[in-house]
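Every number in this text was worked out from the coordinates using simple rules, so none of it is lab data. A quick note: this is a predicted structure, and the numbers were derived from the prediction, not measured. For neighbour counting, all protein chains shown are included, and Cβ atoms are generated from backbone atoms with ideal geometry for every residue, glycine included.
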Amino acid sequence: MKFPNDADGDALRSLYKDGLDFKKQQSVDFFVALPDKATGEKLLQVLKGEGFNCFLEEDDETEEWACCCSKRMLLNYNELIKIQNKLDSLSKSHGGYSDGWGVFVD
């Protein structure tokens with residue numbers, strides 16, 4: 001399977017090499033970095049209004065805030081990029097930005 005030569009392609013390539021089944025839907029977590037909790041609470045409502053299943057969390061070590069949005073989906077490069085771009089667009093006016101994605105592998 002071929003993947004683009006960028007961070008998202010590298011992550012997909014690594015998951016593929018680890019044997020993850022790309023024909024099975026996975027729970028993908030998308031992260032949106034935020035400047036503070038108050039901003040995060042406002043953005044959380046916007047994202048939920050757009051159909052994202054999200055929660056707000058603070059990193060214990062860095063004390064940075066993030067919205068974590070999950071979606072069950074097939075791992076598809078173009079779809080991952082599309083969702084990250086949408087999250088980036090929705091969060092920009094709140095001082096946030098899309099900060100990657102991850103999959104919990106059993």
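Remarks
- Cα long-axis angle, helix 77-92 against the chain (0 to 90 degrees, to the nearest 10): 10
- Computed from the C-beta positions of Ser93 and Ala7 and an R0 of 35 Å, the FRET efficiency is 0.90 to the nearest 0.05.
- For Ile81, neighbours were defined as the other residues whose beta-carbon sits under 13 Å from its Cβ, and their charges (Lys and Arg +1, Asp and Glu -1) total -2.
- The label point for Met73 and the one for Asp29, both projected 7 Å from the Cα toward the Cβ, are 1.7 nm apart.
- Here each label is just a point 7 Å from Cα along the line to Cβ, and for Glu61 and Gln45 those points are 3.4 nm apart.
- Ranking of Asp8, Asp60 by count of other Cβ atoms within 10 Å, fewest first: Asp60, Asp8
- Cα-only radius of gyration and Dmax that characterise the stretch 29-103, units Å: 11.6, 33
- Cα-based reach from Lys2 at 27 Å (exclusive), listing lysines while leaving out same-chain residues under 8 positions away: Lys17, Lys23, Lys24, Lys71, Lys82, Lys86
- Label separation (Lys17 vs Ala38): 4.6 nm, computed from points 7 Å beyond Cα along the C-beta direction.
- In the stretch 39-106, Cα pairs under 8 Å separated by at least six residues give a relative contact order of 25 percent.
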